1. Computed FRET efficiency, Cβ-Cβ of L453 and N597, R0 56 Å: what is it to the nearest 0.05?
2. For K97, go through the aspartates and glutamates and keep the ones whose alpha-carbon is under 19 Å away, minus same-chain ones fewer than eight residues off.
3. Could you list, in their original order, any pairs among K214/K443; K105/K466; K105/K649 whose Cα atoms are separated by more than 22 Å?
4. Would you mind pulling out the separation of the Cα centroids of the stretch 390-412 and the stretch 460-476, in Å?
5. Show the residues, 5+ positions off or on another chain, whose built amide H is closer than 5 Å to the amide H of T585.
6. For the stretch 501-507, what does the Karplus curve 6.51 cos²θ - 1.76 cosθ + 1.60, with θ = phi - 60°, yield as ³J(HN,Hα) per residue in whole Hz, taken in order and with x for Gly and Pro?
7. Expressed as a whole number of Å, what is the distance separating the alpha-carbon centroids of the stretch 115-164 and the stretch 60-91?
8. Starting from the Cα gyration tensor of the stretch 217-312, take the square roots of the eigenvalues, sort them a ≥ b ≥ c, and report rounded, prolate or oblate (rounded when a/c is under 1.5, otherwise prolate if a/b is larger than b/c, else oblate).
Amino acid sequence: MPIFNKIRAFIVGTPRDPLNPATQRHIALIALLAWVGLGADGLSSSCYGPEEAFIALGAHTSLALYIAIATALTVFVISLAYNQVIELFPSGGGGYKVATQLLGKHAGLVSGSALIVDYILTIAISAASGMDALFSLLPISAQEFKFTAELLLIVILIGLNLRGMKESIKALLPIFLGFVIVHFILIMYGVINHRSTLPEVFIHTAKETHLLAKETGWAFVIALLLRSYSLGSGTYTGLEAVSNNVNRLVHPRVRTGKWTMFYMAASLSFTAAGIILLYLLWHVHPVNGETLNAVVFHEILGNSSIGHTILIITLALEAGLLFVGANTGFLAGPTVLANMAIDSWLPNRFRHLSSRLVTQNGVILYGLAALIILFLSHGEVAWLVVLYSINVFITFTLSILGLCVYWWRHRQETTQHWYLRFIFSLFALLISGGILLVTLFSKFTAGGWVTILITGAVIGLCLVIKKYYDNVALKLQKIDVLLTRLSDMPAQTTPTLDPVQPTAAILIGRSHGAAMHTLLWVQKMFPDHFKNYIFLSAGVVDVESFSGKKALHTMQEEVQQTLDYFVNFCHQRGLAAKGLATFGTDPVQQLGELAENMSKEFSNIIFFATKLVFLHDNWITRFLHNETAISLQRRLHMEGMHLVVLPMKIE
């Protein structure tokens, strides 16, 4: 075990103290790092979103000018709408919380489920597209190794993210900044180099639009533009991530979040619209085995040795940024799982933090799911983009609809300019809803049905899990009421503990009734045997309690109040008792250490815990519950201590 722990510490890193205020300050992100970590998904989409939109125009590429303008406008409209989300939900949660609190829990479920699938696809599509860019530099014969490279990349990103968000961002920062600088220079150079033809491009676009409308009708022109625009909707996919992770930003969080959104919007609109304009100015055409970006930058840089070197650097940076974009899925996706787990849509284990304060279970799940998606799609970017865009715009549409509802409901309570925000939100809703409908209908048979099926399956699974947890919670609530109808008046005397006398140490969880069940059974099985009662409780620092100082303090108070209740219960009956609390991310580890200390202080001690037993017990019920008692029993038995697990039947 020591060797395993050393290997784990080397790969993942040493544990962090969640109760130390300096820890939160250390892992919080400034706007620049948030732009890198959370904005990379959006900026990296400029490597494939503009290409999909341009190719969709077919022979009518001159219409790309409209797509470039619409892309830049859409990015800013959606970004400004999400600034309102940041203001209204400064604790994070993004589209899931917006839909839940403003539209209802089932709208939140749909939005959250779409986000889960979206971030899985973020990893898959960014890995696939990144390798496309990288393998554009290699001979065609190397293509057979591309899929294996995509899988290996995801495995590496899993390990990197288990160390922590800030660590993964710092490791990828040079790639991000290199991409921004190089693409800014190339786009400016490419446009300036053809500046004399710009007026001609505008005139040609207007003429072709008029001729095309005359030949086929305006309905065809509009349909073609909408189709191209919607297929390029992958360009806007990363804008959700900031609002989803506001709680990870430095204070003041709202201000930091808005600056991050501005950096994202400015860089993405310039890059995506600029690349589309380059396609148009340099008259590029698809080349087998190369991305359209590779083609246009090759045209700009020429065939000289210096130009070829810069092209290699440019495409390598594109691949690198797409890998950073894939990393965004690991940063933002587990947060969605955690928020939904808090509301009991998903297993509780997804709200837990690792010793590095990372949502470890979520990182691993997202990595495995992305590997499965890659296997199913064989890394085909065009197919993945369809799945990706539909889910993104489901969340966008629900979030912005929630904003419209909010401003309308609070029109009397807010400022006199509420109607401006309402109209703007309504405009953003028309854009996002329009893109969603066009993409869904135009690409339903080309993969759209798959994403609806997958997202629907996630929704169905969440409904089943929610119903299960609600039933268990209802039964535990009845048990709590039944077993804790006891006087909580302070005891008149406080009996003294005797370390040499028989001692019962009872482990307490969230349920008062379960703990009282354990205490009463101990007294029933060992009447008048135990003279000391020690109550041990582990306050779990999870995503919810780690969201801020107030939440952490509230959790600590609740744990202490529970301990005080049981100590007072024993004192009222003349029994010596005390309560001890420990706090951390791993209850088994924390309680194990506390038990070891108690066994040194009390020589004749036996530990007791309760385990819920279900009528139809199977691996599913065991997965939905943490099995803390069984895991702790195994640990204490290895240390020569005794833990008795008492079953409590739940029908």
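1. 0.60
2. K97 reaches E87, D118, E240, D343, D542, E544.
3. Correct reply: K214/K443; K105/K649.
4. Cα centres, the stretch 390-412 to the stretch 460-476: 28 Å.
5. Distant-sequence amide H within range of T585: V541.
6. 7, x, 10, 9, 9, 10, 8
7. Result: 27 Å between the Cα centres.
8. Values: a/c = 3.06, a/b = 1.40, b/c = 2.19.
It is oblate, given that a/c is not under 1.5 and a/b is not larger than b/c.
The values are calculated or read from the model by the stated rules, or taken from the named source; none is laboratory data. Fair warning: this is a prediction, and the values are worked out from it, not measured in the lab. Counting neighbours? That spans all protein chains shown, and the Cβs are built from the backbone with ideal geometry, glycine included. All accessible areas refer to the heavy atoms of the entire protein, side chains included, with ligands and DNA or RNA removed. Shrake-Rupley method; radii C 1.70, N 1.55, O 1.52, S 1.80 Å.
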